[in-house]
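Structure first, then comments.
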Amino acid sequence: MEITLIYWLVPTLVMFCCGVYGFITRKNMIAILISLELMLNAVDINFALFNRYLHPEMMEGMFFTLFAIAIAAAETAVAIAIILNIFRSVKNVDVQGIDQMKF
Amino acid sequence: MDSVGSIILYVVIALVMIACSVLAVTTRKILRAATYLLFTLFAAAALYFMLGYEFLGAVQIAVYAGGIVVLFVFAILLTSKPGDKAEKLTSKSHTLGMVAALAMLCVAGYGLVKQVISATAMPQMAEQTMAEVGETLMGTGHAQYLLPFEAVSVLLLACIIGGVVIARKR
């Protein structure tokens, strides 16, 4: 058995679809952020995979993943700061309970 | 032809990836979702090591598992009591989520089967030395990444300031 590209792409596709499902069904904002991380991670893996399988002499995909990880870290930190701030004002992190931009 | 070891490794990584990502979006305890996310990220790191991108795997563990998941756990513990459960899904949002995910799965899966099924096995790659990675990250020449590197460092600075400004006590 040869492990070709498609064998890796299927798990990452499932991972991405789980992210889509969680993003739509979840109410808690942190859980939504977790689903977002799943989607981001699936895409990161695909960058590295295509780089490794199709152009092993280059490093573009790997570096794209590296920068995507850095940006995901920054994005998560700011998002969690916002969520904590919202929690402090309304004591709630459910998206249903937050319908005002200004408190 | 791949060795038995790498096939076993593939099965383990793929199973952990699928099972833990499904559990992360279906479990009703939010702290467990974060833990399942952690296992998914570890599986991704293992995959990077298996592909031969050791630096990327190390970064994945250090930044995602060591930084982002810890941040998630802190935020969860600050915003909910341990033992809190998410309310049961209404059938409407469940159906909506399922339809979106399955539609995505069908469309992308069809594309994969049509286009990528004939792809070849993993080609040989010269082992990446750390010096090579560093030169690519810090060089200014063709296909070298000093400018994005600096842009990311400015972004991280802005993110630190933004995080402090947003989360500080008034």
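The values are calculated or read from the model by the stated rules, or taken from the named source; none is laboratory data. Just so it is clear, the structure is predicted and the values come from calculations on it, not from any experiment. Counting neighbours? That spans all protein chains shown, and the Cβs are built from the backbone with ideal geometry, glycine included.
Please state which one of B:Thr95, B:Thr90, B:Thr79 is of a type in the set (S, T, N, Q) and within 18 Å of A:Ala77 (Cα to Cα).
Answer to the check: B:Thr79.
Could you please let me know if B:Ile76 is within 24 Å of A:Ile82 (Cβ to Cβ), aliphatic (A, V, I, L, M) and either in a helix (DSSP H, G or I) or assigned by TED's automatic domain parsing to the domain that holds B:Glu135 (or both)? Let's see the steps before the verdict.
Working: within 24 Å of A:Ile82 (Cβ to Cβ): yes; aliphatic (A, V, I, L, M): yes; either in a helix (DSSP H, G or I) or assigned by TED's automatic domain parsing to the domain that holds B:Glu135 (or both): yes.
Judged against the criteria, B:Ile76 is a match.
In the list B:Leu37, B:Leu51, B:Leu31, which residue meets the criterion of being buried (at least 20 other Cβ atoms within 10 Å of the Cβ), more than 18 Å from A:Tyr7 (Cβ to Cβ) and of a type outside the set (Phe, Trp, Tyr)?
B:Leu37
Of the residues B:Ala62, B:Ala126, only one is of a type in the set (A, V, I, L, M, F, W, C) and either more than 30 Å from A:Met59 (Cβ to Cβ) or modelled with pLDDT of 90 or more (or both); which? If you could, list the steps in order and put the result at the bottom.
Details: B:Ala126 fails: either more than 30 Å from A:Met59 (Cβ to Cβ) or modelled with pLDDT of 90 or more (or both).
After ruling out the rest, the residue left standing is B:Ala62.
Scan the stretch B:31-46 and give yes if some residue there is over 21 Å from A:Leu84 (Cβ atoms), in contact with a strand residue (DSSP E or B) (Cβ under 8 Å, 6 or more places away or on another chain) and not assigned by TED's automatic domain parsing to the domain that holds B:Leu156, otherwise no.
no
Would you mind stating whether B:Ser6 is small (Gly, Ala, Ser) and within 11 Å of the chain's Cα centre (by Cα)?
No; evaluated as a whole, the condition is false for this residue.
For the stretch A:24-56, give me each residue that is of a type outside the set (Val, Ile, Thr), within 16 Å of A:Val95 (Cβ to Cβ) and in contact with a Gly (Cβ under 8 Å, 6 or more places away or on another chain). Reasoning before the result, please.
Within the stretch A:24-56, the first condition is being of a type outside the set (Val, Ile, Thr), and the residues that meet it are A:26-29, A:31, A:33, A:35-42, A:44, A:46-56.
Of the ones still in play, those that are also within 16 Å of A:Val95 (Cβ to Cβ) are A:26-29, A:31, A:33, A:35-36.
Within the stretch A:24-56, A:Ala31, A:Ser35, A:Leu36 meet the criteria.
What are the residues in the stretch B:74-91 that are facing chain A (nearest Cβ under 10 Å) and either at pLDDT 85 or above or farther than 20 Å from A:Arg88 by Cβ (or both), if any?
Residues satisfying the conditions are B:Phe74, B:Ala75, B:Ile76, B:Leu78, B:Thr79, B:Ala86, B:Glu87, B:Leu89, B:Thr90.
Out of all the residues in the stretch A:27-48, which are within 7 Å of another protein chain (Cβ to nearest Cβ) and surrounded by 21 or more Cβ atoms within 10 Å (Cβ to Cβ)?
A:Asn28, A:Ile30, A:Ala31, A:Ile34, A:Ser35, A:Glu37, A:Leu38, A:Asn41, A:Ile45, A:Ala48
Of all residues in the stretch A:49-75, how many are buried (at least 20 other Cβ atoms within 10 Å of the Cβ) and more than 16 Å from B:Gly57 (Cα to Cα)?
1
Can you tell me which residue among B:Val113, B:Val99, B:Val133 is within 30 Å of A:Ile6 (Cβ to Cβ), facing another protein chain (nearest Cβ under 10 Å), modelled with pLDDT of 90 or more and in a helix (DSSP H, G or I)?
When all the criteria are applied, what remains is B:Val99.
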